[in-house]
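The values are calculated or read from the model by the stated rules, or taken from the named source; none is laboratory data. Just so you know, these numbers come straight off a predicted model, no measurement behind them. Methodologically, a virtual Cβ is constructed for each residue, glycine included, from the backbone with ideal geometry; neighbour enumeration extends over all protein chains shown. Surface areas here come from the heavy atoms of the whole protein model, side chains and all, with no ligands, DNA or RNA. Shrake-Rupley method; radii C 1.70, N 1.55, O 1.52, S 1.80 Å.
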Amino acid sequence: MATPTARIGHHLPVPTYVALLRGINLGPRNKIAMADLRDLLGSLGLENVRTHILSGNAIFTSRRRSASRLEGLIERGIRTRFGFDIRVLVRTVDEIAGVVNDNPLPEAVPQGSRLFVLFLDRQPDPDRIKAIDPADFRPEEFRVGDRVIYAWFRFGLQASRLSGALTDKRLGVAMTNRNWNTVTKLLELARETSRSS
């Protein structure tokens, strides 16, 4: 007979996650309709799935407790169903909340379409960061957080010189970026999902 202690884990809240897909729907390649993405995630056993805009953002709940395993699960699912390799980064709702709360560039928030969060699969090598001299890119600014880089592209992403320095190749990490407006909306949606699940 199971003891009450052995059954406690069954009643723990189901975690809410945000999946950030890299490089989809930006051009003619790697097209995924959001309805198809929701269908795929549901077929993988993920629950309460919702998506936000076309850049590849999904919110879901899962009893799985490993973000890295969820990343692999979704990446394999995309490869099998759609036939291309897409990097997926998964964060918990608490991690997204931490990204918002720890913003070191609060003065950039009114320009939410020009303040970006670069989500990284791991912390970059400090020497690679030191090789990027902030003085070379002023008035643009960046700060390094916990597996994220906050970047204020004051003239927009397309006109930014700094964005060309903060690349996955130069930093030696996998990366996908979202502007501040998207990040805060994802947090709002993830919290709604967490409350209702």
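Here the dipole of segment 110-195 is about 160 debye; that uses its Cα centre as origin and unit charges on the Cβ of Lys and Arg (positive) and Asp and Glu (negative).
What does the charge count around A131 come to, taking other residues whose C-beta lies under 10 Å from its C-beta (Lys +1, Arg +1, Asp -1, Glu -1)? Surrounding charge for A131 is 0.
Leaving out same-chain residues fewer than 8 places away, which lysines sit with a Cα under 20 Å from that of K185? The reachable lysines, counting only those whose Cα sits under 20 Å from K185, number zero. The accessible surface of the chain, taken with every protein chain in place and a 1.4 Å probe, is 49 percent carbon and sulfur.
Taking the chain as the reference, fit the longest principal axis to its C-alpha atoms, fit the long axis of helix 180-196 to the helix C-alpha atoms, and give the angle between the two in degrees, 0 to 90, nearest 10. Computed tilt is about 10 degrees.
Placing pseudo-labels 7 Å out from each Cα toward the beta carbon at K185 and R81 gives an inter-label distance of 2.2 nm.
Per residue, the accessible area of the chain comes to 53 Å², computed with a 1.4 Å probe over protein heavy atoms only. Between K31 and D127, the contour length at 0.36 nm per residue exceeds the Cα-Cα span by 31.0 nm.
In segment 73-178, the inverse of the mean reciprocal separation of distinct Cα atoms equals 14.9 Å; this is its Kirkwood hydrodynamic radius. Lysines within cross-link reach of K169: Cα-Cα under 23 Å, excluding same-chain residues under 8 positions apart? By straight Cα distance, K169 reaches K130. For the chain, the longest principal axis of the alpha carbon atoms and the long axis of helix 67-82 meet at an angle near 90°. Shape index of the chain: Rg/Rh, with Rg the Cα radius of gyration and Rh the Kirkwood radius from the inverse mean 1/r over Cα pairs, equals 1.00. Summing charges over neighbours of L37, with a neighbour being any other residue whose Cβ is under 12 Å away from its Cβ, gives +2 when K and R count +1 and D and E count -1.
Exposure check, 1.4 Å probe, all protein chains in place: R22 carries approximately 90 Å² of accessible surface. Under the criterion of Cα pairs below 8 Å and six or more residues apart, the relative contact order for segment 78-195 equals 33 percent.
F82 exposes around 50 Å² of accessible area when a 1.4 Å probe is run over every protein chain in place.
Computed extension length for I53-S197: 49.7 nm, one decimal, from 0.36 nm per residue of separation with the Cα-Cα distance subtracted.
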